[in-house]
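The values are calculated or read from the model by the stated rules, or taken from the named source; none is laboratory data. It should be emphasised that the depicted structure is a prediction, and the values quoted were computed from it without experimental measurement. As a convention, Cβ positions derive from the backbone with ideal geometry for all residues, glycine included, and neighbour counts pool all protein chains shown. Just the protein is used for accessible areas: all its heavy atoms, side chains included, with ligands, DNA and RNA removed. Shrake-Rupley method; radii C 1.70, N 1.55, O 1.52, S 1.80 Å.
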Amino acid sequence: MVNARIENLNISTEQSIITPFDLKELYPLSAKCVDTIYNGQETIKNILSGKDKRLLAIVGPCSIHDIDAAKEYASKIKQLADELKDKLFIAMRVYFEKPRTTVGWKGLINDPYLDNSCEIEEGLKQARELLIHIAELGLPAAGEALDIVTPQYIQDLFSWTAIGARTTESQSHRNMSSGLSSVVGFKNGTDGNMDIAINAMQAVAAPQNFVSINPKGNVAVVRTNGNPHSHIILRGGKEPNYQAKFVKEVENKLTDIGMIPRIMVDCSHANSCKQAKLQENVMRDLADQIANGNESIFGFMIESNLEFGRQNIPEDKSELKYGVSLTDECIDWDSTVRILREFCA
């Protein structure tokens, strides 16, 4: 029994990958990139605080799987952002990691070749190269921090960050978020629980200490100052929760604990019953609430792609439809333009 194996029983292999420091050396930031990201972070903080009266719009694909299509989308959304800049501050949704309820494709970073080869280093390289391209356009990027290590590789390129419904209650994600430089949005739970997001906002505002890696890939104790820039995202649960009565409920909860109510609404997911076209109904409702005097709603999210719908990953990758989501259903580009223009009218 002395020689019995007791650890790593279910580990098949271990593969070293590039360090965050080396990846950043490989894909450095230009002065324009830094300006785009910094200005994006500061503008979103000003919108969150109410200093900037525009609304924040997080718009883009449910997930990124095709770099060329993502670049085309970025060029289009940049033009629209410039057109609507007096009323909206648009950040492109650039999600590289996808949570799975059971199993499935976990996103470009985890599986860039869509074949379960899980070439994560290549995924990180592709992600960083795309984010730099977007920043060079002058367009801020918004992403979700799902894995607690990958932010060391790409987080410097995001102007806004989301923590998803499945991880908002995670202590590890709250610790990480307390050290992020961007505004962080916490989604309510998949069952509609709003309290876990409000608890997360309180947790990230406080200093935290946790174990992670440093830019050179060494295990380190990270000590944070706390992140005062966070908010709740209403994404629906067992039922949609974008209507005025739910917004009022959140306002009351935040006011009761001494926090200024600032709310973002996710027009997709459970708020649209995962039917992309229903996002337009949510947008109309938000416009009505704001027109009727609501001051707590400061932003919204829309899942949008070049083409409508979603698709499964075919065995023959040449059969993939260009500009169509692999994950949640998205509205098409023409609908995106129309909906946002109507919202601003």
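Scanning the range 259-291 for residues that are open to solvent by 10 Å² or more (accessible area, probe 1.4 Å), part of a loop (DSSP other than H, G, I, E, B) and in contact with a strand residue (DSSP E or B) (Cβ under 8 Å, 6 or more places away or on another chain) yields one hit, ARG262. Residues in the range 67-78 that are surrounded by 13 or more Cβ atoms within 10 Å (Cβ to Cβ) and either assigned to a loop (DSSP other than H, G, I, E, B) or not small (Gly, Ala, Ser) (or both): 7 in all.
Keeping to the range 292-336, report how many residues are part of a helix (DSSP H, G or I) and out of contact with any Asp or Glu (no Cβ under 9 Å at 6 or more places or on another chain). I'd like the intermediate steps shown before the answer.
Our first condition is that a residue be part of a helix (DSSP H, G or I); within the range 292-336, this holds for 317-319, 333-336.
Filter once more, keeping what is out of contact with any Asp or Glu (no Cβ under 9 Å at 6 or more places or on another chain): 318-319, 334, 336.
Here the count works out to 4.
Considering only residues in the range 146-203 that are touching a residue at least 40 places away in the same chain (Cβ under 8 Å), of a type in the set (D, E, K, R) and part of a helix (DSSP H, G or I), the one that is nearest to ASN271 (Cα to Cα) turns out to be ASP195.
Which one is nearest to GLU144 (Cα to Cα) among residues in the range 223-236 that are touching a Gly at 6+ places or on another chain (Cβ under 6 Å) and assigned to a strand (DSSP E or B)? Walk me through it before giving the result.
From the range 223-236, those touching a Gly at 6+ places or on another chain (Cβ under 6 Å) are 224, 231, 233; that's our starting set.
Still in the running and assigned to a strand (DSSP E or B): 231, 233.
Values: HIS231: 14, ILE233: 13 Å.
Among those residues, the one meeting the criterion is ILE233.
Residues that are open to solvent by less than 20 Å² (accessible area, probe 1.4 Å) and out of contact with any helix residue (DSSP H, G or I) (no Cβ under 7 Å at 6 or more places or on another chain) within the range 45-56 comprise ILE47, LEU48, GLY50, listed in sequence order.
Going by the conditions given, is ALA206 assigned to a helix (DSSP H, G or I) and within 20 Å of GLU169 (Cβ to Cβ)? For ALA206, the condition - assigned to a helix (DSSP H, G or I) and within 20 Å of GLU169 (Cβ to Cβ) - is not met. Regarding the range 103-111, can at least one residue be identified that is out of contact with any Ser or Thr (no Cβ under 7 Å at 6 or more places or on another chain), β-branched (Val, Ile, Thr), farther than 20 Å from PRO215 by Cα and surrounded by fewer than 23 Cβ atoms within 10 Å (Cβ to Cβ)? Checked the range 103-111: at least one residue is out of contact with any Ser or Thr (no Cβ under 7 Å at 6 or more places or on another chain), β-branched (Val, Ile, Thr), farther than 20 Å from PRO215 by Cα and surrounded by fewer than 23 Cβ atoms within 10 Å (Cβ to Cβ). Evaluating PRO99 against the criteria (1) modelled with pLDDT of 95 or more; (2) open to solvent by less than 90 Å² (accessible area, probe 1.4 Å); (3) assigned to a loop (DSSP other than H, G, I, E, B) leaves one unmet condition, (1).
Only one of the listed residues (GLU14, GLU42, GLU25) is out of contact with any Pro (no Cβ under 7 Å at 6 or more places or on another chain), surrounded by fewer than 18 Cβ atoms within 10 Å (Cβ to Cβ) and modelled with pLDDT under 95. That residue is GLU14. Among residues of the range 8-28 that are farther than 21 Å from ILE148 by Cα, those with a Cβ under 8 angstrom from a residue that is part of a loop (DSSP other than H, G, I, E, B) and open to solvent by less than 80 Å² (accessible area, probe 1.4 Å), sequence gap 6+ or separate chain, pair up as LEU26/ILE18.
Scan the range 223-246 residue by residue and report those that are over 21 Å from the mean Cα position of the chain (by Cα) and closer than 27 Å to ASN46 by Cβ.
Residues of the range 223-246 over 21 Å from the mean Cα position of the chain (by Cα): 223-225, 238-239, 243-246.
Selection gives THR224, ASN225, ALA244, PHE246.
Could you go through the range 29-46 and let me know if any residue there is on the phi < 0 side of the Ramachandran plot, touching a strand residue (DSSP E or B) at 6+ places or on another chain (Cβ under 6 Å) and aliphatic (A, V, I, L, M). Scanning the range 29-46 turns up at least one residue that is on the phi < 0 side of the Ramachandran plot, touching a strand residue (DSSP E or B) at 6+ places or on another chain (Cβ under 6 Å) and aliphatic (A, V, I, L, M).
Please count how many residues of the range 17-40 are in a loop (DSSP other than H, G, I, E, B), out of contact with any Lys or Arg (no Cβ under 6 Å at 6 or more places or on another chain) and not hydrophobic (A, V, I, L, M, F, W, C). Break it down stepwise before answering.
Within the range 17-40, the first condition is being in a loop (DSSP other than H, G, I, E, B), and the residues that meet it are 17-19, 27-30.
Now narrow it down to the ones that are out of contact with any Lys or Arg (no Cβ under 6 Å at 6 or more places or on another chain): 17-18, 28-30.
Add one more test, that the residue is not hydrophobic (A, V, I, L, M, F, W, C), and what stays is 28, 30.
Within the range 17-40, residues that are in a loop (DSSP other than H, G, I, E, B), out of contact with any Lys or Arg (no Cβ under 6 Å at 6 or more places or on another chain) and not hydrophobic (A, V, I, L, M, F, W, C) number 2.
Name the single residue, out of those in the range 79-134 being in contact with a Cys (Cβ under 7 Å, 6 or more places away or on another chain) and charged (D, E, K, R), that is farthest from TRP333 (Cα to Cα). Applying the filter and picking the extreme gives ASP111.
Given the condition under 15 Å from THR36 (Cα atoms), out of contact with any Phe, Trp or Tyr (no Cβ under 7 Å at 6 or more places or on another chain) and touching a residue at least 40 places away in the same chain (Cβ under 8 Å), answer yes or no: does some residue in the range 110-124 qualify? There is no residue in the range 110-124 that is under 15 Å from THR36 (Cα atoms), out of contact with any Phe, Trp or Tyr (no Cβ under 7 Å at 6 or more places or on another chain) and touching a residue at least 40 places away in the same chain (Cβ under 8 Å).
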